[in-house]
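Colleague: Encoded as structure tokens, here's the structure I'll be asking about.
The values are calculated or read from the model by the stated rules, or taken from the named source; none is laboratory data. The structure presented is a predicted model; accordingly, all values stated were derived computationally and were not measured. In this analysis, Cβ positions are derived from the backbone assuming ideal geometry, glycine residues included, and neighbour counts consider all displayed protein chains. With ligands, DNA and RNA removed, areas are computed over all heavy atoms of the protein, side chains included. Shrake-Rupley method; radii C 1.70, N 1.55, O 1.52, S 1.80 Å.
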Amino acid sequence: MKSYLTLSALLVVVFILSSCAPNYQILERPTGRGFVPEVDEVSTRGKLVLVSPTNLDIQWRYAVSPDGQSVVVSARAADSEDPYQLYRLNVAGGAPVKLTSSLDSLDAWDPSYTSDGNSIVYRAGNSFWKI
């Protein structure tokens, strides 16, 4: 009975301490000698930068260019019923560049760079296209 009360008290202390924990996690990263604790605080993370304009309705699939300087997305104007088209968004900012035009009112989906990085393959209707 005594050990049950001790265990219960310990669990209460752990619960209280865990609910008062600061807003960070202790991460461990491997080194040559084992793991070293590292603090992951919100203030030390990378700066968030909005890359896409807020007036685009962007679908979930995208392709990052091989050089990492741009992202190709399937998008359309936010309040539009037009077909989705492919746009290139520069990571550094700037206006989106439209890459495709409507093909018989078909949406352009699922962009992907070819292995050499020179072309983009995407799906429109039941076909695949390359630009």
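Colleague: Filter segment 103-116 down to the residues that are small (Gly, Ala, Ser) and surrounded by 14 or more Cβ atoms within 10 Å (Cβ to Cβ) and list them by number.
Modeller: Within segment 103-116, Ala108, Ser112 qualify.
Colleague: Give just the number: which of (1) open to solvent by 80 Å² or more (accessible area, probe 1.4 Å); (2) out of contact with any Phe, Trp or Tyr (no Cβ under 9 Å at 6 or more places or on another chain); (3) in a strand (DSSP E or B) does Arg61 not satisfy?
Modeller: Arg61 satisfies every listed condition except (2).
Colleague: What number of residues within segment 70-127 are free of Cβ contacts under 8 Å to residues at least 12 places away in the same chain, more than 17 Å from Pro53 (Cβ to Cβ) and touching a strand residue (DSSP E or B) at 6+ places or on another chain (Cβ under 6 Å)?
Modeller: Counting residues in segment 70-127 that are free of Cβ contacts under 8 Å to residues at least 12 places away in the same chain, more than 17 Å from Pro53 (Cβ to Cβ) and touching a strand residue (DSSP E or B) at 6+ places or on another chain (Cβ under 6 Å) gives 1.
Colleague: Could you count how many residues in segment 71-102 are assigned to a strand (DSSP E or B), surrounded by fewer than 18 Cβ atoms within 10 Å (Cβ to Cβ) and within 20 Å of the chain's Cα centre (by Cα)?
Modeller: 1
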